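Engineer: Have a look at the structure that comes next, please.
The values are calculated or read from the model by the stated rules, or taken from the named source; none is laboratory data. Since the model is a prediction, treat every value here as computed from it, not as a measurement. Glycine gets a Cβ as well: all are built from the backbone with ideal geometry, and neighbour counts include every protein chain shown. In case anyone asks, the SASA skips ligands and DNA or RNA and just uses the protein heavy atoms, side chains included. Shrake-Rupley method; radii C 1.70, N 1.55, O 1.52, S 1.80 Å.
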Amino acid sequence: MRAQRLGNLQTVGLRGLAGKAISDKEFARRLYGGSACEEADLRQVAARIRGRDYSRSNLVSVLRTQNESWGCAPETGKALRRLEEGALCVMTGQQAGIFAGPLYTVYKALSAVAWARTLEELLGESVVPVFWIAGDDHDYEEVARVAFPARTGFSHHLELPRSLVSGAPSARVAELRFLAEIAKWADETVSLLPGGPGRDVVVGAIREAFTPGATPVDAFARLMVAWLGRHGIIFVNPADRRFKALLQPIFSRCSSDPVGFREAFVEQSSFVRAEGYVPQIVTAPEATLLFWDDESGNRRRVDFTPTQGFFWREGATVHTIPEFERIASVSPERISPNAAFRPVSGDSVFPTLVHVMGPGEIAYMAQVRALYDKARVPMPLVAGRAGFTVVPREIENWLQSRSLSIEEALQPLDVWRHTLAEREKCRSLGGRISETRRALDETYEKLEHEVRNALPGMDAAVLSARIKTQGLVNKLEAKLDQGFRRRVRETMRELERISSFVFPGGVPQERVYSAAPFVARYGEAFFADLLSQIRPFDPVHTCMWAESFGLDDLPVS
């Protein structure tokens, strides 16, 4: 694939608080404690990590069991040994979406690989990439939907029906299990994959991942291992009971001082607001940072008030602080952190130097900083993931035939349609309308001057005629604009198909489509091409000009 770096486009790149955090090093130091792009800041965090004890042997034992169950590559085994021997981590993560979720999930993982390699060279010490599979989340709708680009250029929207998985309605995703019908659903879905050198491998990986009795976390991990395992990524399922035992100390610390942790978070959120930004996470006044699996297996938010103690809305039992601490100690597998406390929990057991994140995650990490301080856990520096748009040959040819750039295509369809109409008008008429206006203005100015000399007082009539003439030209231009818009509307089907591929539904491609059809079409080289373009200290959006995607009936000229 041929790469074109586009820069931080507002529609697809980092902006707002996240953009400021990545681009402004002093701002990053103020809100996040440092910049991942500054060697001095990186070394400072590394020193704090080295000053803290981590239960590396126990951690690696759990991780090795998990990764081997997913068929990890030898490179992951090497990374686990390095972690046990003292390596630092670059952490990233995502929910366990079907077919590995949207493309940006893969971009996160590859960005973590690139960051680990760059930091290892820069700092002269071992750094390994880690992917946190957020299986503790209970938002099923968020993980059960994704899309494939169709051969017609439009989207196949895919959904894993809730009827194909067992588990309580609000159970954590890691606790759900595929039912027997999952195999048929997987077979029907793979029929939508395009042909290409990677199709057989992708089909085999999907069929192996979506088997009766497996969890969505297992399916996600097996696909990611099949696609990216050779890069030495360590995958972690934090919902695993053995792993939860490692988190028990941080859960106990949080439950021993629920008001203190909550007040720290609120205070830091106020600091973010004072900097001129809206806090990303807003919590209820009584909410703690923890969730609890009730007796029926549903995940419930744990609340706390000094007068009532710990409780959850759907339960009748109220616990004092010592009682809940005992629960956290005896049954840590039933406890899970909320979104704000999740990175703190993970970094209490991982020696994390850098977190690779998306814009929303970077934004809320500004609030989370206070929780790291409160928990006495070294806060990693934050880095932006890479972003890509893949454009196949047939769409590239179509854009070239209309003199359109990819930047113009990466915007909502109505804006793009207006741009194309203006481009057609320019190409057909050039600057004729402007030239006509200038010529008429020059003629009327001469006429007005001559009339003023020959017939004083009559120049007002010339001015009136000039205004009317300008109005007629404006009406003419409006009619011409309508004509060009009609011409563009005649190609609306083409526009919709192309927009559906590169900017589907008015959002970046990477937020809608799974990586599966792209790997099927382009093979394993797809990931190598992406990885080769990632520049950790320069997270711009990149267009990947690819070979044909086999889009049927897509006009190319």
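Engineer: Can you list the residues, at least 5 places off or on another chain, whose amide H is less than 5 Å from the amide H of Gly93, using H built in the peptide plane?
Structural biologist: Trp132
Engineer: Among Phe341, Phe537, what's the order by accessible area (1.4 angstrom probe), most exposed first? Mind dumping the intermediate values first?
Structural biologist: Working: Phe341 0, Phe537 90 Å².
Listed by decreasing accessible area, they come as Phe537, Phe341.
Engineer: Suppose only helical runs count, i.e. DSSP H with n ≥ 4. What mean residue ellipticity at 222 nm does that imply for the chain under -39500 (n - 2.57) per run, divided by all residues and rounded to the nearest 500 deg cm²/dmol? Could the numbers behind the result be given before it?
Structural biologist: Numbers: 23 runs with 288 residues, N = 557.
Taken over the chain, the calculation gives -16000 deg cm²/dmol.
Engineer: A further question follows. Quick one, can you get me the convex hull of the C-alpha atoms of the chain expressed as volume per residue in Å³?
Structural biologist: Measuring per residue, one finds 193 Å³ for the Cα hull of the chain.
Engineer: Next up: Using amide H atoms built in the peptide plane, which far-off residues or other-chain residues are under 5 Å from His541 H to H?
Structural biologist: Leu6, Gly7, Asn8, Leu9
Engineer: Can you list residues whose amide H is under 5 Å from Ala150's amide H, if they're 5+ apart or on another chain and H is modeled 1.01 Å from N?
Structural biologist: Amide H to amide H, under 5 Å and 5 or more residues apart or across chains, Ala150 pairs with Ser155, His156.
Engineer: How many Å² of accessible area per residue for the chain, probe 1.4 Å?
Structural biologist: Accessible surface, normalised per residue, equals 42 Å².
Engineer: What order, most packed first, do the peptides 183-195, 218-230 have when packing is the mean number of other Cβ atoms within 10 Å of each residue?
Structural biologist: Per-residue Cβ counts within 10 Å, averaged per peptide and sorted highest first, yield 218-230, 183-195.
Engineer: Using a Förster radius of 35 Å, what is the FRET efficiency between Asp187 and Ser401 based on their Cβ-Cβ separation? Nearest 0.05, please.
Structural biologist: Efficiency, from the Cβ-Cβ distance: 0.35.
Engineer: Also, quick follow-up: How much solvent-accessible surface does Arg511 expose, in Å² to the nearest 10, with a 1.4 Å probe and all protein chains in place?
Structural biologist: Estimated to the nearest 10 Å², Arg511 gives 110 Å².
Engineer: Leaving ligands and nucleic acids out of the surface, order Ser403, Ser331, Ser345 by accessible area at 1.4 Å, largest first.
Structural biologist: Ser403, Ser331, Ser345
Engineer: So if R0 is 41 Å, what FRET efficiency would Leu480 and Phe537 give, r being the distance between their Cβ atoms, rounded to the nearest 0.05?
Structural biologist: 0.25
Engineer: Related question: Taking 0.36 nm per residue of separation and subtracting the Cα-Cα distance, what length does fully extending Glu68 through Leu429 add?
Structural biologist: Stretched fully, the Glu68-Leu429 segment lengthens by 123.4 nm.
Engineer: Further question on the same structure: If you count only protein heavy atoms and use a 1.4 Å probe, how large is the accessible surface of Ile98, to the nearest 10 Å²?
Structural biologist: Around 10 Å² of this residue is reachable by solvent.
Engineer: Hey, another quick one. Treating only the Cβ of Lys, Arg, Asp and Glu as charged (+1, +1, -1, -1), what charge dipole size does the chain show about its Cα centre? Round to the nearest 20 debye.
Structural biologist: Working: 69 positive and 69 negative charges, 108 e Å.
Charge dipole, the chain, about its Cα centre: 520 debye, nearest 20.
Engineer: Give the share of C-alpha pairs in each 5 angstrom bin for the range 430-538, from 0 to the last occupied bin, in whole percents, shortest bins first.
Structural biologist: Spelled out per bin, shortest first, that is 2, 9, 10, 10, 9, 8, 7, 6, 7, 7, 6, 6, 5, 4, 3, 2, 0.
Engineer: Quick one: if you stick a label point 7 Å off each Cα along the C-beta vector at Ala40 and Ser296, how many nm between them?
Structural biologist: If labels sit at Ala40 and Ser296, their model points lie 5.7 nm apart.
Engineer: Got the relative contact order for the chain handy, in percent, Cα pairs under 8 Å and 6 or more residues apart?
Structural biologist: Details: 954 pairs, mean separation 142.2, N = 557.
It comes to 26 percent, rounded to a whole number.
Engineer: Take the alpha-carbon positions of the range 24-127, form their convex hull, and give its projected area averaged over all directions (one quarter of the hull surface) in nm².
Structural biologist: 8.1
Engineer: Explain nothing, just the number: relative contact order of the range 1-118, from Cα pairs under 8 Å at least 6 residues apart, as a whole percent.
Structural biologist: It comes to 12 percent, rounded to a whole number.
Engineer: Right, next: Can you flag which of Lys25/Lys244; Lys446/Lys468; Lys20/Lys244; Lys78/Lys374; Lys446/Lys475; Lys20/Lys78 are past 28 Å Cα-Cα?
Structural biologist: Cα-Cα > 28 Å for Lys25/Lys244; Lys20/Lys244; Lys78/Lys374; Lys20/Lys78; rest within.
Engineer: Give the ranking of Asp293, Asp373, Asp441 by solvent-accessible surface, highest area first, calculated with a 1.4 Å probe. Walk me through the intermediate numbers first.
Structural biologist: Numbers: Asp293 15, Asp373 105, Asp441 50 Å².
Result, largest first: Asp373, Asp441, Asp293.
Engineer: Let me ask you something else. Just to confirm the number: angle between the C-alpha axis of helix 199-209 and the first principal axis of the chain, 0 to 90 degrees, nearest 10?
Structural biologist: Helix 199-209 sits roughly 40 degrees off the main axis of the chain.
Engineer: Using a 1.4 Å probe on the protein chains only, how many percent of the accessible area of the range 234-318 belongs to carbon and sulfur?
Structural biologist: 52
Engineer: Below 8 Å, C-alpha to C-alpha, sequence gap of six or more: please give me the relative contact order for the range 148-218 in percent.
Structural biologist: RCO, the range 148-218: 35 percent.
Engineer: Something else: Ignoring any ligand, DNA or RNA, what whole percent of the accessible area of the range 34-93 comes from carbon and sulfur when the probe is 1.4 angstrom? Mind showing how you got there, number by number?
Structural biologist: Details: 1160 of 2670 Å².
Result for the range 34-93: 44 percent of the exposed heavy-atom area is carbon or sulfur.
Engineer: If I stretch the segment between Glu142 and Ala168 completely, what's the gain in nm (0.36 nm per residue apart, minus their alpha carbon distance), one decimal? Walk me through the numbers on the way to the answer.
Structural biologist: Values: separation 26, 0.36 × 26 = 9.36 nm, distance 1.63 nm.
Gain in length upon complete extension: 7.7 nm.
Engineer: Mind checking the full-extension length gain between Ser548 and Arg207? Use 0.36 nm per residue of separation minus the Cα-Cα distance, one decimal, nm.
Structural biologist: Residue separation times 0.36 nm, minus the Cα-Cα distance, leaves 120.2 nm.
Engineer: Which value, in Å² and to the nearest 10, is the accessible area of Glu175 when all protein chains are kept and the probe is 1.4 Å?
Structural biologist: Roughly 60 Å² of Glu175 is accessible to a 1.4 Å probe.
Engineer: Right, something else. Among rounded, prolate and oblate, which fits the range 1-67 when a ≥ b ≥ c are the square roots of the eigenvalues of its C-alpha gyration tensor, a/c under 1.5 means rounded, and a/b larger than b/c means prolate? Don't skip to the end; give the middle numbers.
Structural biologist: On the way: a/c = 2.85, a/b = 1.48, b/c = 1.92.
Verdict is oblate for the range 1-67.
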